[in-house]
Amino acid sequence: MVRFDILTLFPNMFSSPLNESILKRAQQKGLVEIKVHDLRDFSSDKHHTADDYPYGGGRGMVMKPELIIKGIEKVTSPIEGSRVILMTPQGKRFDHAYALKLSWLSQIVIICGRYEGVDERVRKYVDDEISIGDYILSGGELAAMVLLDTVTRLIPGVLGNPGSPEDESFSNRLLEYPQYTRPRKYRGLEVPEVLLSGNHGEIKRWRRMQSLKRTLERRPDLLEQIDLSDEDLSLLSEMRKESDPSK
Ligand code: SAM
């Protein structure tokens with residue numbers, strides 16, 4: 001079971017995502033526990049002030065350190081397998097490999113920034129800084145939800161079909177093959193014959209080939225990061241020949 005503790009100034013933003021679909025079922029099955037904490041509850045002044053002007057001047061406001069650091073100390077269990085993550089565009093880019101590591105932890109504490117970000121001293125209390133991409137969100141809540149959803153679906157038992165996370169794009173560093181469902185023919189577009197053949201060996205080979213083809217076309221950088229089997233290499237050379245018979 002993974003326990004998530006989310007520290008935010010906007011706890012209501014989590015209500016709907018936590019109460020739908022996979023995240024809802026994962027909590028009901030007891031595979032994850034998700035607690036959303038209002039950072040203002042950790043502030044000691046009576047107005048529950050969360051932000052203040054930046055020292056040195058400049059635009060915007062900065063989140064005060066006390067309430068975040070008190071929040072971290074209050075919710076973090078003194079056990080092994082607990083990590084404190086700050087959502088920030090300045091962090092390491094979030095990816096499948098990191099999500100997989102998180103899925104084996106027992107507690108994940110996530111800090112959602114707002115305004116111009118958090119007081120720099122908060123960083124001393126954080127294990128990892130994570131960005132979901134090279135763009136700026138108004139707050140860390142949506143980024144935290146991306147992390148929460150991605151990690152939860154990797155926790156054993158969360159998805160109905162135990163095979164599905166392994167097949168998905170990035171799990172084996174390849175993009176997923178094309179998927180089809182009924183009807184067999186739609187507006188003149190047909191499902192590839194091999195998928196209807198019932199020949200599991202052929203289907204597996206076709207899917208691997210399509211995965212390699214998609215990855216080669218859309219994300220060739222991924223192919224450089226993996227050890228391809230001899231069969232993969234021969235499928236790739238078949239593909240290259242098909243697209244350029246002179247090779
Ligand atoms: N001034 C900050 C900077 O340049 O780094 C950006 C502040 S942003 C408006 C407010 C908060 O949104 C951040 O503290 C962070 O928690 C969150 N945030 C924004 N973009 C993000 C991203 N790409 N990944 C993760 N969190 C992000």
Practice item. Would you please list the contacts, defined by Cβ atoms under 7 Å and residues six or more apart or on different chains, that run from a residue in the range 14-39 that is farther than 16 Å from V158 by Cβ to a residue that is open to solvent by 40 Å² or more (accessible area, probe 1.4 Å)? Key: F14/V36
Practice item. Being near the ligand (Cβ under 9 Å from one of its atoms) and crowded, with 18+ Cβ neighbours inside 10 Å is the filter; apply it to the range 98-130 and report the residue that is nearest to P17 (Cα to Cα). Key: C112
Study note, to complete from the structure: Being more than 28 Å from I203 (Cβ to Cβ), free of Cβ contacts under 8 Å to residues at least 40 places away in the same chain and assigned by TED's automatic domain parsing to the domain that holds Q28 narrows G81, G117, G113 down to just G81
Check your understanding: Is at least one residue of the range 88-100 out of contact with any strand residue (DSSP E or B) (no Cβ under 8 Å at 6 or more places or on another chain), within 20 Å of H37 (Cα to Cα) and free of Cβ contacts under 8 Å to residues at least 40 places away in the same chain?
Key -> no
Review point. For the range 39-82, how many residues are open to solvent by 40 Å² or more (accessible area, probe 1.4 Å) and within 16 Å of the ligand (Cβ to nearest atom)?
Key: 9
**Study point:** Elements of type helices (runs of 4 or more DSSP H) contained in the range 134-247, each with 1 or more residues being out of contact with any helix residue (DSSP H, G or I) (no Cβ under 7 Å at 6 or more places or on another chain) and open to solvent by 90 Å² or more (accessible area, probe 1.4 Å)
**Key:** 141-152, 164-167, 200-218, 230-243
**Study point:** the range 87-97 - residue that is near the ligand (Cβ under 7 Å from one of its atoms) and open to solvent by less than 50 Å² (accessible area, probe 1.4 Å) and, of those, farthest from A50 (Cα to Cα)
**Key:** G91
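The values are calculated or read from the model by the stated rules, or taken from the named source; none is laboratory data. Keep in mind it's a predicted model, so treat the numbers as computed, not measured. Don't worry about glycine lacking a Cβ; one is built from the backbone with ideal geometry, like all the others, and counts go over all protein chains shown. Heavy atoms of the whole protein, side chains included, go into the accessibility calculation; ligands, DNA and RNA do not. Shrake-Rupley method; radii C 1.70, N 1.55, O 1.52, S 1.80 Å.
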